[in-house]
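Engineer: Here it is: the structure, laid out below.
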Amino acid sequence: MRKPIIAGNWKLNKTIAEAEELAAALVADLADVRDTEVIIAPVYTALSRVAEILENSPIQLAAQNCYPQETGAYTGEVSPLMLKDAGCSAVIIGHSERRQLLEETDQLINLKVKKTLETGLLAILCVGETLEERENGEMLEVLTAQIKGSLADLTSDQMADLVIAYEPVWAIGTGKTASNEQAQEAHSFIRGLIQGLFDPETAAACRILYGGSVKPDNVDGLMAQDDIDGALVGGASLKIEDFSRIVRFGQ
């Protein structure tokens, strides 16, 4: 059985005080959750303070990005080692906004994945196609290139500490959500890619999350799909009631 993951990507939101308030509310509200892994990803400036609040709770802390070096002359960057020191246990890598706005390549993302795993952190690798790519029939080609490039030279053992988040770019922050069938098709295809790159056991164990306007009113249908193992939640993760309902999907 693949244990579900519900991860909240707070993006560029919440001051330190606001992040502390939301984290404390989540700790209180989700204290009884055991069958689902819960992860939240605040901005860098709030990480260490939120880590203190999450201590002794089942909620895990993630960063939204990292740089693939431990130390050095890399102004403005933060390494996985430093994120671990701040209390993180996971890192989101290759989010579509970073691929598009900051032109991150699969090669750079691959380096980030490797360094994150070497540091002992969970890597949450994001992949997904744009609306134009989907309408041009290029979705499978794009996913294949992103998966192969981002996972280059990884071993099946390393894949145990990697989660994939499928995020159709056209559904992120737009209010549009891939239908249950569209999401399942993409997730099944990704699992097949993992099997081809590694082996059936690795593919069966790999957790694949859906991201893209996940809300309380659509999470149950998405989570009922065979190959969807959780959600990477954006805007709804900033609202205690919405995120709590998503974490408690199917109830």
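The values are calculated or read from the model by the stated rules, or taken from the named source; none is laboratory data. It should be emphasised that the depicted structure is a prediction, and the values quoted were computed from it without experimental measurement. Please note: Cβ atoms are built from the backbone with ideal geometry, for glycine as well, and neighbour counts cover all protein chains shown.
Engineer: Name the single residue that is nearest to residue 158 (Cα to Cα) among those in the stretch 102-122 being in a helix (DSSP H, G or I) and either in contact with a strand residue (DSSP E or B) (Cβ under 8 Å, 6 or more places away or on another chain) or at pLDDT below 95 (or both).
Structural biologist: Looking at the filtered set, the residue picked out is 117.
Engineer: Please enumerate the residues belonging to the stretch 1-36 that are part of a helix (DSSP H, G or I), surrounded by fewer than 19 Cβ atoms within 10 Å (Cβ to Cβ) and touching a residue at least 40 places away in the same chain (Cβ under 8 Å).
Structural biologist: The answer is 25, 29.
Engineer: Restricting the search to the stretch 103-122, which residues are buried (at least 21 other Cβ atoms within 10 Å of the Cβ) and among the hydrophobic types (A, V, I, L, M, F, W, C)?
Structural biologist: 109, 113, 117, 121, 122
Engineer: If I filter the stretch 126-139 for residues that are hydrophobic (A, V, I, L, M, F, W, C), more than 18 Å from the chain's Cα centre (by Cα) and closer than 22 Å to residue 183 by Cβ, do I get at least one hit?
Structural biologist: Yes, the conditions are met somewhere in the stretch 126-139.
Engineer: Right, another one. Which of the residues that make up the stretch 63-106 are farther than 19 Å from residue 125 by Cβ and among the hydroxyl-bearing types (Ser, Thr, Tyr)?
Structural biologist: 71, 74, 75
Engineer: Of the residues that sit in the stretch 134-148 and are over 18 Å from residue 112 (Cα atoms) and in contact with a helix residue (DSSP H, G or I) (Cβ under 7 Å, 6 or more places away or on another chain), which one is modelled with the lowest pLDDT?
Structural biologist: Step by step, filter the stretch 134-148, then rank; the result is 134.
Engineer: List every residue pair whose Cβ atoms lie under 9 Å apart, where the two residues are 6 or more positions apart in sequence or sit on different chains, the first residue falls within the stretch 207-231 and is closer than 18 Å to residue 193 by Cβ, and the second residue, located anywhere, is basic (Lys, Arg) and modelled with pLDDT of 95 or more.
Structural biologist: Here the result reads 207/2; 207/3; 208/2; 208/191; 227/191; 229/2; 229/3; 229/207, each pair linking the stretch 207-231 to a residue that is basic (Lys, Arg) and modelled with pLDDT of 95 or more.
Engineer: Restricting the search to the stretch 40-77, which residues are of a type in the set (Val, Ile, Thr), buried (at least 18 other Cβ atoms within 10 Å of the Cβ) and closer than 17 Å to residue 94 by Cα?
Structural biologist: Answer for the stretch 40-77, where residues must be of a type in the set (Val, Ile, Thr), buried (at least 18 other Cβ atoms within 10 Å of the Cβ) and closer than 17 Å to residue 94 by Cα: just 40.
Engineer: Residues in the stretch 84-99: is at least one surrounded by fewer than 20 Cβ atoms within 10 Å (Cβ to Cβ), at pLDDT 95 or above, hydroxyl-bearing (Ser, Thr, Tyr) and under 20 Å from residue 158 (Cα atoms)?
Structural biologist: Yes, there is a match, as at least one residue in the stretch 84-99 is surrounded by fewer than 20 Cβ atoms within 10 Å (Cβ to Cβ), at pLDDT 95 or above, hydroxyl-bearing (Ser, Thr, Tyr) and under 20 Å from residue 158 (Cα atoms).
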